[in-house]
Structures are given as C-alpha cells and as structure tokens.
Amino acid sequence: MKALILNSGLGHRMGVLTSEHPKCMTEISSRETILSRQLNLLKRNGITEVIITTGYFDQVLIQYCESLDLGLDIKFVNNPLYDSTNYIYSIYCARELLDDDIILMHGDLVFEESVLEDMINYSGSCMKVSSTLPLPEKDFKAVVSGGFVRKVGVEYMQSDAMEAQALYKLLKPDWRIWLDKIAAYCESNDRKCYAEKALNELDGECNIYAYDVKDRLCSEIDTPEDLAVVAAKLSEIENRTVYMCFSTDMIHSGHIAIIHKAQKLGKLIVGVLSDEAIISYKRFPLMPFEERKAMFENIKGISRVVEQKTLSYKENLESIKPDYVVHGDDWLHGIQKSIRDEVIATLATYGGKLIEYPYSKNDKIDEMEKRTRLELSTPDIRRGRLKKVLEMKGLATAMEAHSGLTGLIVENTVVEQDGGARQFDAMWISSLCDSTAKGKPDIELVDMTSRFRTIDDICEVTSKPIIFDGDTGGLTEHFVYTVRSLERMGVSMVIIEDKTGLKKNSLFGTEVAQTQESIENFSAKIAAGKKAQRTKDFMICARIESLILEQGMEDAIARAKAFTEAGADAIMIHSRKKDPSEILEFVRLYREWNATTPIVVVPTSFNTVTEEEFKAAGVNIVIYANQLTRSGFPAMQNAARLILENHRAKECDDICMPFKEIIRLIPEE
Ligand code: SPV
Ligand code: MG
C-alpha cells in the first residue's frame, strides 16, 4: 500500500503563514508540521512508500522532507501547471507511480492516529466522513446511501449528505476505475476540477464505504482560524491519558501490539499489579513487583508506571482519572467480569471510556505460560516460594492434598470475591489424610517411602509450595535424611511434632496414650535437621503439643522458646478446643518474645476464627488440614449406598460430577 499526498495547491487563504513554504509545512505544534505528522503516522502504521505531488516551493518541500530523515521512500511529482489546474491533474501527473492500494489524502489534513489506523485496517475502500459534525458550508460533503459514498462535493447540502474529508483508502480495483476516469478527464483537458468530479460520474462503480469517525479529529486547515482550532484539539488529544493494567512477567508480541494501540489514544500509564494481587488469582509471579515495574518503565512510549495494589482498578482510576482504559475483550466472562463491571461504573462517574480490543489466543503464549508453570513446579523454584509468599502477604493459607487429584483441586480452585479473587497459597500433605487415603491409621504406619510417593504424585501435576506433615520426624538419625529428601523434592517446610513413641493423631488429645518428647531431645532433633539442610529456603517447623496434651500454656511457651533457639524456622501451636482463646493467648505471649518467627495454626477445631483475625493476632500460616478428605468421603459413601439401595447407578448420577467435567479437571499435556 502506498500513500499519495496532494501538496500542489497554493494555500493562499493561510496568508503570511504560507509566504515562504507550502501549506503542508505549517506548524501545528512546537514539534510538528502538518506534513511531518502525516508522514510519521503513515510510517507508524506500516506505510513506507509515499508519493507527494508538489507545486509551488517544491524545492523547499523536498529539502524539508529530506531533513525529516524518516527513512521513508518518498517520490516527488511536480505538477508543472499547479497554478492553473486542480489536484485532479496532480494525480494524473503521478499516475504511473500509483499502481497499488492507495491511501489518498490532501496535504492540509490533520487527523488523529486512530482514524488512519482504522481506515487502513478496514477491509474495503473507504472515505472519512463524520455523522456528528455539522455539514460545512464550503467544504466537502459526501452523499451516503446504504453505507457507501455515492457523490462527493461541496454542493451537497441534502439530508443524506455527511461532512467528509479527502482521506481515502482505496483498494486497487476501485482506485483503478477512478484513476482511469481521472486520466480521461485530464486528457480531455478538464483539469481544473476536483478529482471527485470524476468519481461522481462513476455512479457507484467504486465501492467506497463511508467510514464514520464521528468526533475524532480529521480536519483540513484552510485558514489561520482552522489552524487554531486544530492545534487546540491536538493539544487536548496529546494530553489524554490511557490506563492499562498488567499482571504479566513476560512481555510478548500480543502485549506490545496492545500497548502500541493504547499509545495512539494518549499518554499511556501502566498499572503493574502487586505481587499479592497476582498471587490471589493467577500463579506466582516469576519476577517480583519491582522487576516487573522496571520492565514496563523501559518500554518505549509508556509515560508512567504505577502500582495497582488490587485486582480492582477503582483506586487507581479514581486518582488518575484516565480518559481511556484499554483492555482485551477476554474479561467479558469469568473471574474478571466483575472487575470489568466496576471499571465501567468508575469510568462513568467522570466520563472516561473503556476501549476493548479483541483478545487473540496465541499458541505461543499458551506454551510460554505452560513452561512458566513447569518452571514454577521445579524443586528449586517451588521450595523457595513459601518464604516469598510469607514475605509478600504476611499470611499464607494451605489446603490439604493427598493425591494428584486433590493437589489439582488445591492448585486450581479460585473464588471471585469483592472485585478480587482468592486461592490457596500452599498444600498441606497431612499424615492423617495420607494415611486415611490408604485406609490406615494415623500412627506413622505409612512409611516415608510411601509418603514421598504421595508428594511425588502431587508435585507432578501442581506448582504450589508444599508443607509436609512429618509426624514426629522419627529418629533423629532418620530425620536428617528425611530433611534432605524433602529438600530434593522441592518441599518448602516440614512440620515435626514434639511427641515420642507411638504417635497418635492430636485430635484424640488425652483420650489416648501419647508421650511428649523432652525439650532437650526435640531441640536436638531440630538442630540436627537444620544442620543437615542443604538449601537456604527449606524450613523446619516445630509443632508444640503441650495444649493438646494439657500440659499448660507455660510449658507451651517454654518449648516454643527452646525450639526457636534450637533453630526452628517456624512454630506450630495446636489445640483441639473449639474455643480459640488458648491459641490466641499463645500467639500473644510468643509474639511478645519473638516478633518475626512464623506461627502456624491448624484450625480444625477452633474453626470460627477468620484468616484476617489470625493475621491480626500475629499468625502467619493457616492450614486447612483435612477438609477435602472429610468432605469427599461422605459423598463417596453416599454414592455407594445409593447404588446398593437402587440396584443401579441412575439415582446416584445426580450427585456425581458429569464425566466431561471430571475429565476437564485433568489438564492435557
Ligand atoms: C494432620 O493433618 O495429619 C495433622 C493435623 O497432623 S491434626 O490432624 O489436627 O493433628
Ligand atoms: Mg498429622
């Protein structure tokens, strides 16, 4: 596609402004002239071959174009009869160079980039019209019917006429017909009319669509008054702001394309989503916030980068008040729909607009995302992530998983809430649930090899950090090996409890015989584990059973202090009381002594306390230790019973997940 710019005219209505150069060299801002703007926009939109017809001051014009040094292939065609003919003859002079699709424009036309871009992207031939501007008295109008331009001229004031400008995109077949007619006119010496006179005679032979740009700028400059109006509109356009928000840590061609589109609407301000907000609805970011921010700051044409703390745009929109928010249309459904609704409502409060571009699904991007998830699931990356989540969020949640499938549920369950989203941060590999899934009691009967097999199954299909329930840790001599094996597998934390002998589940409390380990022995086990540890990210958490075994708060706190001093990276305090007060009291007392070591709780019994309340009290990890197992088994028992009762499976179907859905739970490689 080539551009043809008609610059042979005299421009005498501009007065002194055109006494030394052609009109197209008139400055429209401190940075650009009409022509430099046209050429820059053509270049930005992929048009590199330009034909400029010249007339008076042609050498000034040629030198000026050279001085712009735009790297465009510009050919100049002089109309030797410029002062006695109209541009129909200039086109005729250039006809040999015009054997292509053509963007045709008058040399005094100023338009916003999106107008040119949209017309270039339109599938057929088209001419710029406006349905919102009044019909100009002296300038071009287009008679439009059925969406197509039938006539163009200054004389049409009828109701089916629209304001129009000499900005066309002409596909070769349409252009050929018009150009032949132009040639016929010029060869029969009819050279003083508009080229549109030839077009009008074709009576619809060329299919030129009336491209309605409404209020967007596309005006010619004939007089100093026009210049003032256009310059004011341009400065308003240049001060427009556009807001986009990104959560990505990988910039790809799709992002660059939408950033380029957004830049054409005004100064682009990019909101970079905080780590915490990303973790809440997507996956763990590969790069922390500061690095992602720097990445956007270094993209050409982004004028400012700010943090967006939540998935909700509201706070940033209310403070920045951008003219436009730009987004792909992929948020019309799903988790982001409510965020989109809120954006629309917020923009409406001050007259901002949402611009959505079609979202193009891209296999390469899906592949990159898959690889990212794979990378996140590799042991070295996965292991360190629990610490990072704790740093970023202060409080992490973990949900029980005992198989690949339950791991996938913890990995993929996301709930939309209050304009945001929530998901679990980590997985808890419970000894109770792992044993139960194998039909065995929770007494350290399932050996480590088997427990590791469960970890392996889960690791294969997930990427979230893992907290492993290590029971008592076994013999110290064995525990040191366990630590290294867990590290190798990418587990982030092992929790061992200060019990000895035959371990029973804590929720039995004192109903069964259980022995607490001495402070000395357990401290030594922790210290040995820490010494055996090879990576810096792995954490050993000491679990205190004093409240479970009714040994009192003082004992619990004394143990917590001793185990912390022995090197424990975190402290878990457990209770089987419904009333959370002893847990909260422990947290208060421990925090008085130690402000930073993470505290872990397992609120199976004291389940009325919310995560927010735990966080406010000073807790850092909340583990939902058994809920998938406890909810899954009754459903399974019920299904088995229904089939037995009815001698068939039909009645059971209503409580079963459709097969299609269960298949969808498992991602295909
Ligand atoms: C587990 O889930 O195996 C635990 C937590 O150790 S509890 O069952 O509450 O003891
Ligand atoms: Mg356990």
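The values are calculated or read from the model by the stated rules, or taken from the named source; none is laboratory data. If you're wondering where the values come from, they're calculated on a predicted model, not measured in any experiment. Counting neighbours? That spans all protein chains shown, and the Cβs are built from the backbone with ideal geometry, glycine included.
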* Asked: Do you know which of the residues in region 97-129 that are more than 23 Å from Glu27 (Cα to Cα) and of a type in the set (S, T, N, Q) is surrounded by the most Cβ atoms within 10 Å (Cβ to Cβ)?
  -> Ser125
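Suppose we filter Ala568, Ala595 for residues that are hydrophobic (A, V, I, L, M, F, W, C), buried (at least 17 other Cβ atoms within 10 Å of the Cβ), away from ligand 1 (no atom under 16 Å from the Cβ) and not in a helix (DSSP H, G or I); which single one remains?
Ala568
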* Asked: Out of region 506-520, which residues are outside any loop (DSSP other than H, G, I, E, B), more than 13 Å from ligand 1 (Cβ to nearest atom), in contact (Cβ under 8 Å) with a residue 24 or more places away in the chain and not hydroxyl-bearing (Ser, Thr, Tyr)?
  -> Gln516, Ile519
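Would region 555-569 turn up any residue that is without any contact (Cβ under 8 Å) to a residue 40 or more places away in the chain and closer than 26 Å to Arg382 by Cα?
Yes, that holds for at least one residue.
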* So Ala524, is it surrounded by fewer than 16 Cβ atoms within 10 Å (Cβ to Cβ) and in contact (Cβ under 8 Å) with a residue 40 or more places away in the chain -> yes
* Structure fact -> In region 305-336, anything within 18 Å of Glu416 (Cβ to Cβ), in a helix (DSSP H, G or I) and free of Cβ contacts under 8 Å to residues at least 40 places away in the same chain is listed as Asp330, Trp331, Gly334, Gln336
* Output the residues belonging to region 114-131 that are touching a helix residue (DSSP H, G or I) at 6+ places or on another chain (Cβ under 6 Å) and assigned to a strand (DSSP E or B). => Ser125, Cys126
* Asked: Residues in region 365-376: is at least one at pLDDT 95 or above and either more than 25 Å from the chain's Cα centre (by Cα) or away from ligand 2 (no atom under 16 Å from the Cβ) (or both)?
  -> no
* Asked: Taking region 349-364, which residues are without any contact (Cβ under 8 Å) to a residue 60 or more places away in the chain and either in contact with a strand residue (DSSP E or B) (Cβ under 9 Å, 6 or more places away or on another chain) or within 22 Å of Ser114 (Cβ to Cβ) (or both)?
  -> Tyr350, Gly351, Gly352, Lys353, Leu354, Glu356, Pro358, Tyr359
* Structure fact -> Of the candidates Ser403, Ser463, the one satisfying the condition of being within 25 Å of Leu273 (Cβ to Cβ), among the small types (Gly, Ala, Ser) and more than 14 Å from ligand 1 (Cβ to nearest atom) is Ser463
* Does any residue of region 623-640 turn out to be touching a residue at least 12 places away in the same chain (Cβ under 8 Å), among the basic types (Lys, Arg) and either within 27 Å of Leu432 (Cα to Cα) or away from ligand 1 (no atom under 16 Å from the Cβ) (or both)? -> no
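Being more than 16 Å from ligand 2 (Cβ to nearest atom) and under 30 Å from Ala257 (Cβ atoms): is that true of Val410 here?
Judged against the criteria, Val410 is not a match.
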* To do: For region 148-176, name all the residues that are surrounded by fewer than 19 Cβ atoms within 10 Å (Cβ to Cβ) and touching an Asp or Glu at 6+ places or on another chain (Cβ under 9 Å).
  => Gly153, Val154, Met157, Lys172, Arg176
* Tally time: how many residues in region 458-512 are surrounded by fewer than 23 Cβ atoms within 10 Å (Cβ to Cβ), at pLDDT 95 or above, away from ligand 2 (no atom under 16 Å from the Cβ) and of a type in the set (S, T, N, Q)? -> 2
* Asked: Can you tell me which residue in region 571-592 is nearest to the chain's Cα centre (by Cα), limited to those that are part of a helix (DSSP H, G or I) and within 16 Å of ligand 1 (Cβ to nearest atom)?
  -> Ile583
* Looking at region 206-237, which of the residues that are part of a loop (DSSP other than H, G, I, E, B) and closer than 28 Å to Leu81 by Cβ is modelled with the highest pLDDT? -> Ile221
* To do: Starting from residues that are within 12 Å of ligand 1 (Cβ to nearest atom) and either polar (S, T, N, Q) or surrounded by fewer than 17 Cβ atoms within 10 Å (Cβ to Cβ) (or both), keep the ones in region 422-448 and report whichever is nearest to Ser377 (Cα to Cα).
  => Ser430
* Asked: Hey, which of the strands (runs of 3 or more DSSP E) in region 357-457, taking only ones fully inside, have at least 1 residues that are touching a His at 6+ places or on another chain (Cβ under 8 Å)?
  -> 426-429
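Listed here are the residues, each with its yes/no results for (1) within 16 Å of ligand 2 (Cβ to nearest atom); (2) among the aliphatic types (A, V, I, L, M); (3) in contact with a strand residue (DSSP E or B) (Cβ under 6 Å, 6 or more places away or on another chain); (4) at pLDDT below 95.
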| position | (1), (2), (3), (4) |
| --- | --- |
| Glu585 | no, no, no, no |
| Thr596 | no, no, no, no |
| Phe606 | no, no, no, no |
| Ile621 | yes, yes, yes, no |
| Tyr624 | yes, no, yes, no |
| Gln627 | yes, no, no, no |
| His647 | no, no, no, no |
| Arg664 | no, no, no, yes |
| Pro667 | no, no, no, yes |
* To do: Confirm whether Thr397 is closer than 30 Å to Ala262 by Cα, more than 16 Å from ligand 2 (Cβ to nearest atom), crowded, with 16+ Cβ neighbours inside 10 Å and in contact (Cβ under 8 Å) with a residue 60 or more places away in the chain.
  => no
* Structure fact -> Contact list, first residue from region 491-505 and free of Cβ contacts under 8 Å to residues at least 24 places away in the same chain, second anywhere and more than 10 Å from ligand 1 (Cβ to nearest atom), beta-carbon distance below 6 Å, six or more apart or interchain, is Gly501/Thr515
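Residues are listed down the side, and each one gets a yes or a no for (1) under 23 Å from the mean Cα position of the chain (by Cα); (2) surrounded by 19 or more Cβ atoms within 10 Å (Cβ to Cβ); (3) among the small types (Gly, Ala, Ser):
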{"residue": "Pro358", "(1), (2), (3)": "yes, no, no"}
{"residue": "Gly384", "(1), (2), (3)": "no, no, yes"}
{"residue": "Val414", "(1), (2), (3)": "yes, no, no"}
{"residue": "Gly420", "(1), (2), (3)": "yes, no, yes"}
{"residue": "Arg453", "(1), (2), (3)": "no, no, no"}
